[in-house]
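The values are calculated or read from the model by the stated rules, or taken from the named source; none is laboratory data. On a predicted model such as this, the values are computed, not experimentally measured, just so you know. Every residue, glycine as well, gets a Cβ built from its backbone with ideal geometry; the counts of neighbours run over all protein chains shown. For accessibility, only protein heavy atoms count, side chains too; no ligands or nucleic acids. Shrake-Rupley method; radii C 1.70, N 1.55, O 1.52, S 1.80 Å.
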Amino acid sequence: MKSKLINFALIKFFLILGSTHAMANLSNGEWQPQIVEKMYILPPKQLDRVLNNDFRNSSLYLNLKTADDKIKSRYSKIDQLNKSIPQFKGDEQIELKHQVIVEKKEYITDMSERLKIKREHLLTKKRFFEKIKRKTLFQKGDQNFKAKSKFQASREKALKRSKKLDKKISKLLIGNNMSNNSKYFSEYQKTMSAMQQLETKIKFHPKFQENDLLLNSENKLESLNVFIDKLESELSVLALKEQVLTKMAKLVSLDAMELADSLQINIPQGNEFKDVNDPTDSVNLFLN
Amino acid sequence: MRNKIMLTLMMIMSMLSGVEAGTVENLERVRAKTITMMFDKNINESQRAEKIEKLKIKLLDMEKIVLNDSDLAKNPSNKTIKAFETFNFTFLVHSALEKDKPISINWLEDLGFTSDNLKRTQAYRK
């Protein structure tokens, strides 16, 4: 009976190993980042934080958490069983060993599920950052195009020339006591001075200096590339973990085979199967 | 029917002319007034200086408004493009302040009417 059970577990185990591709198609939940486009201007670090918060509200995260909990409980169960095996002997020990193999098989299944969810999470995140990168590249291209525009260039040149003269104009107006006559210029000066103060404050703001990404598309691109590289390396680590899982599965199958073999050895010789259709096996009937 | 089409056309034209009357147009109006004042034969020199001085402040404001009008960059007309390309002729006060010269002299010099050039000219009788 025991050997039948173990053989059944073995067959089931190999079936699971063979059906990994089919399982990849199973639904592991969904996560579609619900981030408004206005947030795209955020520096990648902040964007990552927003993205992680968004992920926590998805069904994919819920499944990841469930898988995590399952894995934790399986791990402690396997650990407990492994510790209690030496305390038993005979059939009870075999039963425990069988339990360990079954739990290990379930552990591998859960772990494989978890890795799939994690891969989906990382891939979605990578796709999101790649989308932002494409947008930033497009904006950069657009800015370059604008900068190349003849009118834009002459307008910027004119503005620079005009700003250089601001002090001179101010002196002229005050010197000739005409500052009241120029309504726009006095307001313009006030606004410019306020803007300058704000710009200085922004420039020396620790967060701005830390990121310098809100205005600098070059830096933003660089930072996005760093994030995408990081995600790719995480995905590579996942692939490695999947390899570890395959090795674990192989080891469990070998354990299961070993257990099955030991059961065959333990079967007493007297209970050996006798073929009654063979006259040599039935000779004892005639000898008694 | 024809009247209706004409009316629609007039409405569209009026809308277009409304768009045209932007900051550049306003600047051009004051600039033209200033240049006219420079050569007005009906006023004496002190009157001219006084009037130009008053217009200068107005012109200065108009120039600043045009220079800081970010809407112009969205869809600049040929007039606007030309206005920015010829800075010295469009922004009379700014250009004069750059060179520390009176508006009229600066404008005439930019046109090529310098004192030296005028001295070199000769009168011929045909």
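Residues considered: A:F128, A:F138, A:F55. Of these, the only one that is aromatic (F, W, Y), surrounded by 18 or more Cβ atoms within 10 Å (Cβ to Cβ) and away from chain B (no Cβ under 14 Å) is A:F128. Within segment A:17-28, at least one residue is out of contact with any strand residue (DSSP E or B) (no Cβ under 7 Å at 6 or more places or on another chain) and at pLDDT 70 or above. The set of residues in segment B:73-108 being over 24 Å from A:K168 (Cβ atoms) and facing chain A (nearest Cβ under 9 Å) consists of B:A73, B:P76, B:T80, B:I81.
Regarding segment B:73-80, can at least one residue be identified that is at pLDDT 90 or above and of a type in the set (A, V, I, L, M, F, W, C)? No. Among the residues of segment B:93-120, those that are touching a helix residue (DSSP H, G or I) at 6+ places or on another chain (Cβ under 6 Å) and hydroxyl-bearing (S, T, Y) comprise B:S95, B:S104.
If only residues of segment A:62-100 that are of a type in the set (S, T, N, Q) and closer than 21 Å to A:E120 by Cβ are counted, the one that is most open to solvent (accessible area, probe 1.4 Å) is A:T66.
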